[in-house]
1. Taking amide H positions as placed in the peptide plane 1.01 Å from N, state which residues far from V152 in sequence (5 or more) or on other chains have amide H under 5 Å from it.
2. To the nearest Å, what is the center-to-center distance of the range 19-35 and the range 436-475, using C-alpha atoms only?
3. To the nearest 20 Debye, how big is the dipole of the chain about its Cα centre, given +1 on the beta carbon of each Lys and Arg and -1 on that of each Asp and Glu?
4. Please find the FRET efficiency linking D49 to S410, where r is the Cβ-Cβ separation and R0 is fixed at 22 Å, and quote it to the nearest 0.05.
5. Amide H to amide H under 5 Å from G261: which residues, 5+ apart in sequence or cross-chain, H placed 1.01 Å off N in plane?
6. Against the longest alpha carbon principal axis of the chain, how many degrees, from 0 to 90 and to the nearest 10, is the axis of helix 64-79 turned?
7. Please report, in Å, the Rg and the Dmax of the range 272-311, where both are computed over Cα atoms only.
8. Expressed as an acute angle from 0 to 90° and rounded to the nearest 10, what is the orientation of the C-alpha long axis of helix 139-148 relative to the principal long axis of the chain?
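Values in this text are rule-based calculations from the coordinates and carry no lab data. Remember, predicted model here, so these are calculated numbers, not experimental data. When we count neighbours, we look across all protein chains shown, and the Cβ atoms used for this are built from the backbone with ideal geometry, even at glycine.
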Amino acid sequence: MDALATDTETPCDDSLDDAVRRGCEGVVPLRANLEPWMKTLCCSSNVHDWINEHGSPLNVLRTDPLTRNLENLNRVAGLHDLDFRVYFARKANKCLSFVDAANDAGAGIDTASLVEMTQVIERGVDSSRLICTAAIKDDTLLRHCVANGVTVAVDNLDELRAIKRIVADSSSSCSIALRISGFEHDGEKLYSRFGFDVDDVLNVIQKNLTDDVSGSLTIDGIHFHLDGYSAEQRVSAISQSLLIIDAVKSLGHDLKFLDIGGGFPMSYLESESQWMRFLDQHRLSLLGQRESVTFQNHGLGLLAEDGQIYGRLNCYPYYQRLVQADWLGQILDSSSEDGTIAESIRRRDLQLRCEPGRSLLDGCGVTVARVEFCKLHHNGDWLVGLSMNTTQCRTTSEDFLVDPIIMHSSQDSRSTGADGEMEGYLVGAYCMESELLLKRKLRFPRGIEIGDLVVFPNTAGYLMHFLESRSHQFPLARNVVIGSDGAAALDPIDHA
């Protein structure tokens, strides 16, 4: 496969950032954060060839940003003199190149299924740097964890009993971390369907683990994961976890780590003001005070009734001010006991662990799809059909609130729509009225035509693979990885 090359007629540098983006914007714009390699890609003469070779959509990836993001987290932990290890959340992206990059950088891997775990072990990751956090752990998975020495984050009593039975039957040992939830924050109990309740975990240990202090089952850590991105909630959870660790140690268990899970925030957008303006204009459109900014005035989780807005926006917070390493630093500097969170962890001689996925993959990938038709609807909107479906750029969020980039098939002037400009929606391949790739209305200042490519920025974290489906027997998207030398090759997952 050809190395990444830029079209000689279109020099691609930061001074032409606007030129890369000018083919598409939301009717209320939301400009993406773009890595330099993404800008180069969007000027490349080879991407059309890659689509012809591998099909549409195509995921294009680089691992360098993962290494950078990992180094930034390690740097912050180092400044706080903490024993620290990041575990890359494999479920965020299935590509094996990210496993290799995380392993080469000394990170652990968080696995959530038997296939994920076996693939990671086959890539040469030491099992001492694995944890299994699968939501459902059947006997086959648990036996593989025990056989390979993989730490298991235990969610419930049935899992705990199954592990005890397996280690007894096999005369083996197993390291576990008890997952806990139900922390109190601002006078309320934080809900989660996962883990033992904080008020019951000591009772669980006393009834089920008192005879295993020096036996085949060892509690090596406490684990939690919180929904959302509140640093303040993390501080509450860590503070309460440290007290639990003290109590568990008093029962004779030598806990070695505290694992605070994932959910490290990132920001997809350049501009906070654009994000705030979109939220404002979306609300105005729901109230009928401006033209719609979404398909059929979709609320994205909000509802207008009697001049009021109800509900909650069911979308990722695409702009966040405090992200990744800076967010971690604020948590570690927060007050705890007679000092800071970092000091409280260090005083107990604990390793701090975490399991980010999305934020580690910030800047690592884009999804590219080919335009197959442009249809003018009778209501005046253009429907632009792409060779992809909604599961190939989606998580559980109602919409992907980032402006795509258009790579025109030629540099000729556009002629679609009035004076080349058009507005409308991107639609996908599933045979459903609701098959919109993005619910936001988009503007194409130079038009858009069959053979053009649409680039969805920064999709490596969860958006590519988390919900991808083969309905209608469509093939799954292939995954091309660009090396630091510009050479491009299919990820090993596509050869599996």
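1. C132, S175, I176, A177
2. 14 Å
3. On the way: 46 positive and 72 negative charges, 120 e Å.
Magnitude of the dipole: close to 580 debye.
4. On the way: r = 14 Å, r/R0 = 0.66.
Calculated value: 0.95.
5. Result for G261 returns F224, E355.
6. Helix 64-79 sits roughly 40 degrees off the main axis of the chain.
7. Over the range 272-311's Cα set, Rg and Dmax evaluate to 9.7, 30 Å.
8. Here the helix axis deviates by roughly 70 degrees.
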